[in-house]
Each structure stands twice: as C-alpha cells, then as structure tokens.
Amino acid sequence: MRPVRIAFWALVLSAALAAAGSGGDKIAAAPAKPSAAHHFMVMPAWSPDGSQIAWAESSGGSKERIWLASSNGSSAHPVTQPIDALFQFAWLPGNQLLYDANFSIFRLPLKTLRPVLFETGPESFTTNRAGTISASGAVACSHCGGPIIVKSIAGNLRTSIGGRKVDNYLPTLSPDGRFVAFSRTFSSKVTGDYDRPAGIWVSSTTGGPLRQLTRSGQDPSWSPDGRWLVYIDHPNNLRVVSTLRLVSTDGRSNVLLLPGDDFQGLSAPPMWSADSRSVAVVVIDTGQLLVVNVATHRVRAVTGAAIGRVDGFAWSPNSNTLLVTAQSKTTGCALWAIKTSGSAKRLRSTC
C-alpha cells in the first residue's frame, strides 16, 4: 500500500516559483504553504477496495482537511478538523486512515472519526500491502541523523534500523513487510562534509545487517510484485537533472528507466501501478504526469494543458485509473479520474 508522501510540496513550490518568474535552482528546501487566499487539493488516495477516494483540501486558509467520497466523487465530506501541517496519509484495511500531521502520526478509524496518536517525530512513513506495519524515517537534512523506525500498526513491535549517526530517510516496505529499503546520507564532523549521499540500502524489518543496493539515488519505491525498486537518481550529483532507475532487490540488476533531460526534475517518490507494469512520476518544471511502461520503457504523458499542473496522483487498485489533483488557468484546482486509455473525468473543483 503506497501512502501519499510530502513530495507534492516540491510541486507546489515549483509552481509558485514559475508564477513569480523566479530564477535559480528550483529545489524545495522545506514545505511552503500557499497563500491564505489560495484554494487547493492535494494528496489523492484510493481505498484498498477502490470503492472510495480521499484527498486533502484547503478552502482558502493555510489549514487542510482530509476529505472522503465515493469513487465517482459523489458524497464528498471532510473527516478531520482543519490541520495546520498535514504532510501525508495512507488508507489502512478496516476502514482506517494513517496520517502525518504536525510532525506526529495519527490513526483515524473512520467509524468514530476520533484520531489516536500513533508515533511522534517522523518526517515520512510508508506501510506494507496488508497495512499491518509502518516504517518512518528521519528528517532529511544536513546534521540530522536518525534511524528508520519500523512499527506494527497494533503497536506491539518497534525496531530501530540504520543508527542515529547517519541520516536514514524516505523508507519503502516490501509488499510482505519483511524488508525495508531507504535512502541514506553520511556526515563527517572531522571533514566538515555534512551531505554525502550514500544511495539506497535495504534491511530486514526485524533488524540485522544493512545491505547497500546502489551508490547513488534516493526516494525508493518497492514494486507490488516485490521484484524491483524504482528510485530517482541525479547523474554526477546534478540536482536539477533527474533520471528514473530500477534496481533488483538483490542489487545485481540496475536499469535506466527514464533518462533525464537538462533541468528536468522529477517528483518523489515515483509510484508503481498495482500490477507492477507501470511507474508514474511528475516532471516538476512542467507539472506534467508521465507513465512509463516498465517492460518497454515507453513514456506517455497522461496530462496536458487542459488538466494543468499536477500536484498529486494515486493509482487505482485495478491499475487502470489515476486519481489526480491539478491546477490550471481554466479549471482552477480540480480532482480528476484519468484512465490509462486516455479519457479524463473531473470529479470535483473548488476554485
């Protein structure tokens, strides 16, 4: 199960920079809220059975609510109070949500709508396919070391992985929950080198030795069939150029999936379709959503000017529809259901 992560803030900031005509590198150092008068929808998600959808929405202020609706967009209603800093959420079995707000993770049973504190302090989290365990990472920044924390949703398991002297962040769990892969950055007080990317690593979720899969790259995402990890790489450490790569879970095979053009940044993390046949990713500079066929490497743009700049997306459980939040000059901010065959239907518009 793939929760929505905080990468959409890079898209929001990129859009703001483009609108303002700013120069320089378009790299988001921290979340930047839209202005108080700005309406927006972000972080779309599907329920495990595909019958419901969810998203985060602001109606003019800096605070957001999580909204739910039927898969066709009907019966939309909020299920949380306004939240000042909502970073991500995931749908769990048993009609529950897990969400990261104000630097704490809460579990929300949709029957009672009473949030229960689950974890404090993590930057981001991920869950396994069954929704029985979560993994959260440290804050991704210079001088900020911290482990990956694996915890059962029931709360009776907690494992620390990677140590506190290394920045271990943006984890992804194998579908069966037995392994966790994550990005690492090393620091050295002796040399003054506080930002040395160390690639993608993997470990058992019960602890034990770490294994390095790649020497560079970050933002891994585990395929639903358990065979591959897709991740974003920056050739020659050029942060404004992003490529999309695949690495096998044993580290023996590494494949270039999407070459990077000059000044093309890709949103993180890339997301797998449920059938493991496709990967979707957003080009930050243009806000366009791309779908890459894993077998053929064929790339298709599934959004254009009519839909606008994509802020967030999620694959349907049957892999034939992308739920997309986007902004355009003609439709404002809107929620779309986009078929992989090419048709699109607007489900909701708030501005």
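Please treat every number below as a calculation from the coordinates, not as lab data. These figures come from a predicted structure and were not determined experimentally. Here Cβ is always computed from backbone atoms with ideal geometry, including for glycine, and neighbour counts include all displayed protein chains.
Ordered by the number of other Cβ atoms lying within 10 Å of each residue's own Cβ, fewest first, Glu64, Glu119 fall into the sequence Glu119, Glu64.
Annotation: peptides 308-314, 198-204, ranked by per-residue average of other Cβ atoms within 10 Å with the highest first, follow the order 308-314, 198-204.
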